[in-house]
Structure formats: structure tokens, C-alpha cells
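Q: I'd like to ask you about the structure that follows.
The values are calculated or read from the model by the stated rules, or taken from the named source; none is laboratory data. Since the model is a prediction, treat every value here as computed from it, not as a measurement. All Cβ positions, glycine included, derive from the backbone under ideal geometry; neighbour counts span all protein chains shown.
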Amino acid sequence: MGDYLHRVTDAILGSAFMPASVRGKLMRLLGFKMAANACVWSGASFRSKRIEIGPEVFINVGFFYDGDDRAVIQNNVRIGQFVRLITASHHIGPSTQRCLVESVKKPICIETGCWIGSGVTILPGVTIRRGCVIAAGSIVTKSTEPDSLYAGTPARFIKKLPDPRSEISNRIDLAFEGAN
């Protein structure tokens with residue numbers, strides 16, 4: 001997309017006057033890979049179409065995706081207000097210019113079942129593993145372990161979260177053991 005055309009399209013897609021259902025249809029029509037039952041709220045900014053949004057995903061107001069590299073948001077993910085996906089950074093240069101012009105791009109993946117709290121920033125190359133919760137205001141600089149709570153700046157492991165699939169499996173095993 002040309003810069004001007006993209007800015008116009010991004011402003012229309014992010015408009016609070018556009019219902020979320022229409023926004024999703026328009027995004028798919030424009031070539032975004034987005035499930036029909038995903039929901040993107042107003043104020044979202046997508047700087048490219050290099051993003052995949054899976055089924056049952058909810059993206060709240062003020063979402064920002066820089067679009068420099070690929071981003072994947074898998075199924076049943078909830079994204080809070082003003083979350084940022086940053087897929088590019090720069091190498092540190094010499095003292096005459098610390099931020100070198102050439103960008104370093106790395107993809108981001110948010111796996112199935114995650115909850116990303118309000119104001120979270122996810123940096124290049126990070127994978128948020130299945131079932132994670134990222135606490136509000138955190139900055140995620142490294143990939144996470146599945147079914148875990150992370151918080152802070154930078155985000156740190158806080159605790160392991162229960163995996164309902166293993167709990168159901170354990171209950172079924174106990175039921176069969178009790179029947180014998």
C-alpha cells in the first residue's frame with residue numbers, strides 16, 4: 001500500500017464511527033488474514049497486512065501493530081486496550097549514531113488462549129506461548145513458557161497457571177481408578 005493510501009485506509013479502519021462487524025468485513029475485503037468471528041475494536045492501527053488474526057480473537061481499543069515483520073494471533077486470544085506489537089528495532093551503533101538506520105525485523109506470535117493485558121508492549125522475536133497471561137503494563141522482551149503468568153518491565157515469570165485440559169484428564173483418570 002502506498003503511504004498516503006495506507007494512512008487513509010488505517011484511519012477508516014480505526015474509526016470509532018465504524019461498527020466492529022463492518023471493520024472486520026472491510027479488513028478481510030482489503031486482504032487481511034482475519035477469521036470471520038474475530039473482533040477488532042476502534043482505534044486500532046495496522047501498518048501492514050502482514051498479520052494473521054485467528055477465530056474468536058478480541059482486540060480492544062488502541063491496538064498498534066508496526067507491520068515491519070509478520071505477526072500471528074492464534075485462536076481465542078484476548079488483547080487489552082493500547083497493546084503494541086513491535087516487530088522491528090535497530091542495532092546499537094557507535095557514539096556518533098546509536099540507532100543505526102537499518103532495522104532488525106523479527107516476527108511475533110501469540111498462541112491460542114492467551115490474555116494480553118492493557119498497555120502491554122511485545123517486542124520483536126517474541127512468542128507468547130499457549131494459555132499465557134501477560135499482566136497490564138508489561139514489556140515482553142523474551143518468549144514465554146505455556147500456561148504461565150508474566151508481569152513487569154521487562155516481563156518476568158510469576159507463576160504457572162492451571163491447564164484445564166490436564167485437570168479434566170486427571171479427573172477422568174481418577175474416575176476410572178475409583179470404578180475399578
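Q: Of the conditions (1) over 28 Å from ARG130 (Cβ atoms); (2) among the aliphatic types (A, V, I, L, M); (3) touching a residue at least 24 places away in the same chain (Cβ under 8 Å); (4) out of contact with any Ser or Thr (no Cβ under 7 Å at 6 or more places or on another chain), LEU26 fails just one. Which one is it?
A: Just one mismatch for LEU26, condition (3).
Q: Looking at region 2-22 only, could you name the residues that are within 19 Å of ARG78 (Cα to Cα) and either crowded, with 19+ Cβ neighbours inside 10 Å or among the hydroxyl-bearing types (Ser, Thr, Tyr) (or both)? Lay out the reasoning, then the answer.
A: Going through region 2-22, the residues within 19 Å of ARG78 (Cα to Cα) turn out to be 14, 19-21.
The answer is GLY14, SER21.
Q: Can you name every residue in region 23-36 that is surrounded by 11 or more Cβ atoms within 10 Å (Cβ to Cβ) and more than 18 Å from ALA71 (Cα to Cα)? Show your work before the answer.
A: If we filter region 23-36 for residues that are surrounded by 11 or more Cβ atoms within 10 Å (Cβ to Cβ), which is where we start, we get 23-28, 30, 32-35.
The answer is ARG23, LYS25, LEU26.
Q: Please give the strands (runs of 3 or more DSSP E) falling wholly within region 45-151 in which 1 or more residues are buried (at least 19 other Cβ atoms within 10 Å of the Cβ). Talk me through it step by step, then tell me what you get.
A: Working: elements: 51-53, 71-73, 88-92, 99-105, 108-110, 148-151.
Filter on region 45-151 gives 51-53, 71-73, 108-110, 148-151.
Q: A follow-up question, please. Consider only pairs whose beta carbons are under 6 Å apart and that are at least six residues apart or on different chains; among these, list those whose first residue lies in region 103-115 and is of a type in the set (A, V, I, L, M) and whose second residue is crowded, with 17+ Cβ neighbours inside 10 Å.
A: Listed pairs, sorted by first residue: ILE108/ALA71; ILE108/LEU85; ILE108/THR87; ILE108/ILE122; ILE108/VAL126; ILE110/ILE73; ILE110/VAL77; ILE110/ILE128.
Q: Related question: Return the total of residues in region 17-73 being modelled with pLDDT of 95 or more, of a type in the set (Gly, Ala, Ser) and at positive phi.
A: Of the residues in that region, 1 qualify.
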